[in-house]
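Every number here is computed from the coordinates shown, using simple stated rules; none is lab data. Because the structure is predicted, anything quoted here is derived from the model rather than measured. Note: ideal-geometry Cβ built from the backbone for every residue, glycine included; neighbour counts use all protein chains shown.
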Amino acid sequence: MKITDIRAIPISVPTDSLLSALGVFPTYDYGLVLVQTDEGIEGLGEISMLWDGNGHVQCQFVNEYFKPLLLGEDPFSINRCLRKMDTLVEAAHSARAGIEMALFDIVGKALNTPVYNLLGGKSRDGVILSRSIHMGKPEEMAERAAKYVSEGYSCVKVKVGLDSKSDFEAVSAVRKAIGPDILLRVDANMGWRTTKDAIRNIKRLEDFNLHSVEQPIPPGNLGELKLIRDSVDTPIMADESIWGPKDAWNILQEGAIDMINLYVAESGGLTNCALIFRMAEMVGVPCVIGAMPEFGIGTSAAIHLGISMTNLNDPCDACGSLYQITDIVNEQFTVKDGMIFPLEGPGLGVTINWKAIEKYSHVERRTTR
């Protein structure tokens with residue numbers, strides 16, 4: 001089997017304009033990756049990226065940079081393809097992830113098996129979920145949290161990092177609404193600009209019995225992150241500090257964090273994400289899976305990863321498509337008792353809703369055999 005064509009289609013899908021320390025995104029500018037083969041099997045991948053290298057730029061990496069490198073390659077040779085994409089274009093993590101996702105999808109379809117079997121098989125049947133509570137009035141945030149708990153979720157994550165007073169009131173209201181036994185995480189999204197601010201705010205929130213604090217300060221200074229970890233009782237989780245295995249290796253060596261929140265897109269693909277899981281397991285650092293939030297293709301990839309990893313024990317946000325007001329796939333995920341389950345079809349188990357793609361990308365479907 002040979003790769004005959006690779007194409008990334010930019011898409012812009014409207015959002016609910018949810019507020020966090022990262023700001024408000026009125027649209028998600030992502031990409032659909034299509035990998036064609038000479039045997040008629042099409043692989044699907046997703047580019048999901050909220051950062052400066054947004055999805056439309058990532059699509060250019062796919063179409064103009066990586067496509068010429070991979071035409072004629074065997075899609076089963078995923079490691080070889082990854083090596084050919086291992087370039088100095090370090091901003092292209094999400095583009096690599098989208099292509100690799102599609103390659104796994106092709107192999108799964110060719111072998112008539114789900115992607116989780118290609119990652120080592122099931123370690124569990126589903127992924128325990130956490131649900132994020134974006135910024136708003138404290139009473140509204142508390143109401144959303146209570147709703148999630150009533151639906152069976154065992155963990156909620158409150159977005160913080162813009163205003164200390166509002167953060168305190170919001171976390172207080174949410175804890176009161178969910179009771180003492182539900183896990184409560186907070187995510188600063190790099191919002192605390194100094195180490196002292198982070199330590200001061202974390203200590204103020206610790207009375208609410210936090211499960212963890214995610215990415216308290218911007219990445220770049222592991223010594224400062226370690227100082228925060230050493231100064232508070234609550235576990236510190238890294239997110240934006242880790243873009244691929246090299247970042248993970250450095251942060252684990254430094255002993256700067258207690259937990260890692262991983263994304264297929266930020267890590268550069270399923271292979272890299274699984275590698276980070278295993279590196280962290282060697283030193284006793286738990287990992288969870290976050291939401292970009294992805295659409296259905298990326299969400300499916302995250303779930304397949306989650307059920308195959310042996311050291312995934314804490315609730316995850318591996319449910320990106322649940323945060324979307326629309327999706328680009330036809331399938332819906334099963335969520336029951338606060339857990340999400342994989343689609344059991346071959347590959348990633350998803351098919352494209354071409355009406356949605358045409359609506360949000362203004363392009364027509366094109367296939368190459």
What does the charge count near Lys226 come to, summing +1 for each Lys or Arg and -1 for each Asp or Glu among other residues with Cβ under 11 Å from its Cβ?
-3
Take Thr113 and Asp125, extend 7 Å from each Cα along the Cα→Cβ direction, and tell me the distance between the two endpoints in nm.
2.2
Pull out the extension gain between Met282 and Ser12, defined as 0.36 nm times the separation in residues minus the alpha carbon to alpha carbon distance; nm, one decimal.
93.2 nm
Over region 1-108, what is the mean sequence separation of C-alpha contacts under 8 Å (at least six apart), divided by residue count, expressed as relative contact order in percent?
32
Semi-axis lengths (Å, descending) of the ellipsoid that matches the C-alpha gyration tensor of the chain:
34, 21, 19
Where the centroid of each part is defined by its Cα atoms, how far is region 165-181 from region 117-159 in Å?
15
For region 61-95, run through the chymotrypsin sites (Phe, Trp or Tyr not before Pro) and keep only the ones in DSSP coil with at most 11 other Cβ atoms within 10 Å of their Cβ.
none
Among the listed pairs Lys157/Lys336; Lys84/Lys122; Lys147/Lys359; Lys122/Lys147; Lys84/Lys246, which are separated by more than 23 Å between their Cα atoms?
Lys84/Lys122; Lys147/Lys359; Lys122/Lys147
Taking the Cβ of Val335 as the center, what net charge do the other residues with Cβ under 11 Å away carry, scoring Lys and Arg +1 and Asp and Glu -1?
0
Between Asp317, Asp197, Asp207, find the one with the highest GNM mean-square fluctuation for the chain; connect C-alpha pairs within less than 10 Å.
Asp207
Fully extended, how many nm does the chain gain between Lys355 and Thr334 (0.36 nm per residue separation, minus their Cα-Cα distance)?
5.3 nm
When the helix-only estimate is applied to the chain (DSSP H runs of n ≥ 4, each -39,500 (n - 2.57), divided by the residue count), what is the mean residue ellipticity at 222 nm, nearest 500 deg cm²/dmol?
-11000 deg cm²/dmol
Give, as a single signed number, the net charge of other residues whose beta carbon lies under 11 Å from the beta carbon of Asp105, with Lys and Arg counted +1 and Asp and Glu -1.
-2
For the chain, the dipole about the Cα centre with charges only on Cβ (Lys and Arg +1, Asp and Glu -1), to the nearest 20 debye, works out at 100
As a test, work out the antiparallel percent of DSSP beta bridges whose residues both lie in the chain, rounded to the nearest 5.
55
For Asp5, list long-range residues whose amide hydrogen, built 1.01 Å from N in the peptide plane, is under 5 Å from its own amide hydrogen.
Gln36
Sequence order, region 331-346: Karplus ³J(HN,Hα) from phi using 6.51 cos²θ - 1.76 cosθ + 1.60, θ = phi - 60°, Hz rounded, Gly and Pro as x, gives 7, 10, 8, 7, 10, 8, 6, x, 10, 10, 10, x, 6, 8, x, x
Reachable aspartates and glutamates from Lys226, criterion Cα separation under 20 angstrom, eight or more residues apart if same chain
Asp187, Asp197, Glu206, Glu214, Asp239, Glu240, Asp247, Glu254, Asp258, Glu281
Percentage relative contact order, the chain, counting C-alpha pairs under 8 Å, at least six apart
19
Distance in nm between label sites at Ile325 and Thr87, each 7 Å beyond Cα in the beta-carbon direction?
3.6
